[in-house]
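Report on the following structure.
Laboratory data are not the source of any read-out in this text; all were calculated from the coordinates shown. Predicted, not measured: the structure shown is a model, and the values here were computed from it. Every residue, glycine among them, receives a Cβ derived from its backbone with ideal geometry; neighbour counts consider all protein chains shown.
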Amino acid sequence: MHDMTRDPGDEVQRRFRYQINYAALRALQMLAPGSDVRSVYCEHIEDVLIEHANGLFTGIQVKTRELDQPQFRLSDKAISGALKRFCVRDARYPGKFERFVLATNFVFHDSDSAGDVGTVLTCCRDNPTLNGISRRHNVRKCLAEFAESTAMALQDVIAALGKVRLEARKTGIDQTEYDLVRALGEIEALRSHSLLDLHRMASVIRAHIWDVSCLTLDGYLLDTYAVVEDFVCHLDKLRTHRKRLDRSMMASLTAPAASHHEELLSIREFISRESIPPGLGRMEVKMAAGHIGYADVEQMKDDVASLERAFLGWKEKFGLAEANRRLAHFQYLANRTAREAEAHTSGKPGSYGRAMLADLRERAAATAIKERDSMFGCRPEHLVGTTGLLSEECKVWWSSDRDLLPMATDA
């Protein structure tokens, strides 16, 4: 019970954890302004596979080593094996790989020796015709051995290795955990969050990547057997999709949790959307039927525009799914407020639209204070604007007249 000898299984998990953190760092690049990273795949073809905006890929192999161990050399089977796999990948998927990366937490041996990995890769990149290099030279011998063991032409091996870059991070195996938290803190939208929040986000990201890195699939897969022609191909597609991280997913994983309202509310028949509809013709007709004046209608349009800006901001920072989740929560609060305002004012004689609007604005202000932790920094005007959107969707009315004029349906 008191034996402090390291368990081999623990070491495997520790090294895989380094790879998980490294994949997370790469995936966070998608949130950087102007990033050309379209998606990141975990344990798919390579340890990490990056898809760029131009449709080409970067394949990454991650190697770990303790700081008290020798530096990585080309003679290490882990290094030569990774380079040979790069050659095979490049041949199997011609024209698909922009580059390959051999990454390590440690360092690669750096010298002018012809047997060092950096020397061989530099030669392939800068002298692909091997001009001036004799057949007895160690670099040519190494490349010839690569060609023989991979059953590839020498020039194809040289072309593939010319795409390889070395990434020596010069850190301990465990340091990437702190690097991940630091990288989260450098994202502009997250700079104001506490260190505890950043550690929580890092844990969420790691857990997700760990989960999708395996071959396990969710759901009752055999139920789909009868509706697909090639079930094995169908499973492969599902696994590939599951291993993919895109910008929307990373934004969702880094979305700050509401301190007291982690489970947001929603309304029946919520309409998922990519943007707020530009037309508000139905809303205008309904407000006019409630004898609401022109100035108040225009103010409602501005409030809807404010909601739209907030929605687009959520979509940009956190992804479409999270933006719709927040919009559904706002619609729940706004719908409840509108129902209470209508119930309070509709029993009075005459048209109640103006009274309902005044009452709604007061209730929206009170709701914004009470629900402050789940308002995501928005104002009462955003709730009022949400009511305008609900009115356009025929969920909120401003009078007892439920018959829209023909012009409203064309707006």
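Normalising the average separation of contacting C-alpha pairs (under 8 angstrom, six or more residues apart) by the number of residues puts the relative contact order of the chain at 15 percent.
A helix-only calculation puts the chain at -16500 deg cm²/dmol for mean residue ellipticity at 222 nm, using -39500 (n - 2.57) for each DSSP H run of at least four residues, averaged over all residues. Net charge dipole, the chain: roughly 820 debye, given to the nearest 20, about the Cα centre with Cβ charges of +1 for Lys and Arg and -1 for Asp and Glu. Beta-bridge orientation, the chain: approximately 50 percent antiparallel, per DSSP, counting only bridges with both partners inside. Binning the alpha carbon pair distances of the chain at 20 angstrom intervals from zero yields the distribution 21, 39, 26, 12, 2, 0, expressed in whole percent.
Relative contact order for segment 281-409: 45 percent, from Cα pairs under 8 Å spaced at least 6 residues apart, divided by residue count.
What net charge is computed for the residues neighbouring residue 62, neighbours being all others with C-beta under 12 Å from the C-beta of residue 62, Lys and Arg scored +1, Asp and Glu -1? Charge balance in the 12 Å sphere: +2.
Each Lys and Arg contributes +1 and each Asp and Glu -1, all at the Cβ; summed about the Cα centre of segment 281-409, the dipole is approximately 300 debye. Qualifying GluC sites (Glu not before Pro) in segment 25-99, where qualification requires a DSSP coil assignment and no more than 13 other C-beta atoms within 10 Å, comprise 66. Projecting the Cα atoms of 338, 283, 245 onto the charge dipole of the chain, computed from C-beta unit charges around the Cα centre, puts 245 farthest toward the positive end. Residues 18, 332, 294, arranged from fewest to most other Cβ atoms within 10 angstrom of their Cβ, appear as 294, 332, 18. Relative contact order, whole percent, for segment 38-87 stands at 22, derived from Cα pairs under 8 Å and 6 or more residues apart.
Taking 36, 68, 359 in turn, the Gaussian network model of the chain (Cα-Cα springs below 10 Å) assigns the largest fluctuation to 68. For a straight C-alpha distance cut-off of 20 angstrom, the lysines reachable from residue 141 (same-chain residues fewer than eight places away being disregarded) are 77, 84, 163. Partners of residue 395 within straight-line reach, counting lysines whose Cα lies under 21 Å from its Cα and excluding those fewer than 8 residues away in the same chain: 286, 301.
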